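Here the structure is laid out as structure tokens; the discussion comes afterwards.
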Amino acid sequence: MASPSGKFSGGRWFRFQYEEERDSPTETRNVLLIVATLIAAVTFQAGVNPPGGVWQDERGPHRAGRAIYADQEGAFYVFLFSNTLALSISMVIITSLTYGFPFHFEVWVATLSMLTTYASAIFAIAPDESVRFRYILYIAFVPFAFQVLKKIVRKLSSK
């Protein structure tokens, strides 16, 4: 699309930034909540129902209920790490943006329950010999730990 100066301005799509005069904090928070909720829904579903599905029978070396995609070990773990990180970050965003709202405690309980359900589903579909599964759980808590660390640093620096 050409701008009044005649130059192509297609790159502006990727340069959206919050502007206080234009964007209200409430609208911005609502948009971020919608985006974070969509990311959480998609990543949760992808973890519970992995790409390629799960084995339905116990023929050969495969076990029923294990992810078919796990046969491609490297790609499967890249998927699990990335998906888990995206889910965790979206959960941090949701809990941060709803802080101080009515039912905030309930949102936290629901978030932790959802992450626990996700972890149990990943445990069910991942291969047994998976030492890396432990790292997937660690990566799920990195965004939460980062938020706690950030709050501690803010409190210490304000003293």
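The values are calculated or read from the model by the stated rules, or taken from the named source; none is laboratory data. Since the structure is predicted, the reported quantities are computational estimates derived from the model, not experimental observations. When we count neighbours, we look across all protein chains shown, and the Cβ atoms used for this are built from the backbone with ideal geometry, even at glycine. Each accessible area value is taken on the protein alone, full model and side chains, heavy atoms only, with ligands, DNA and RNA left out. Shrake-Rupley method; radii C 1.70, N 1.55, O 1.52, S 1.80 Å.
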Carbon + sulfur, % of accessible area of the chain - ligands and nucleic acids excluded, 1.4 Å
66
Give me the accessible area per residue for the chain, probe 1.4 Å, as a whole number in Å².
71
Sum -39500 (n - 2.57) across every DSSP H segment of at least 4 residues in the chain, then divide by the residue count to get the 222 nm mean residue ellipticity, nearest 500.
-21500 deg cm²/dmol
Compare Phe105, Phe133, Phe81 by solvent-accessible area with a 1.4 Å probe and give them largest first, with all protein chains kept in place.
Phe105, Phe81, Phe133
Within the under-11-Å Cβ sphere about Ser96, not counting Ser96, Lys/Arg +1 and Asp/Glu -1 give a net charge of +3
Once you mark the GluC sites (Glu not before Pro) that are in a DSSP loop and have at most 12 other Cβ atoms within 10 Å, what is the longest gap between them in the chain?
59-128
Compute the Rg to Rh ratio over the chain from the alpha carbon atoms, using the Kirkwood formula for Rh, and round to two decimal places.
1.10
For a quick check: with amide H placed at 1.01 Å from N, whose amide H comes under 5 Å from Val54's, ignoring anything fewer than 5 positions away on the same chain?
Ile68
Please label the shape of region 80-128 as rounded, prolate or oblate, based on the square roots a ≥ b ≥ c of the eigenvalues of the alpha-carbon gyration tensor (a/c under 1.5 means rounded; beyond that, a/b larger than b/c means prolate, else oblate).
oblate
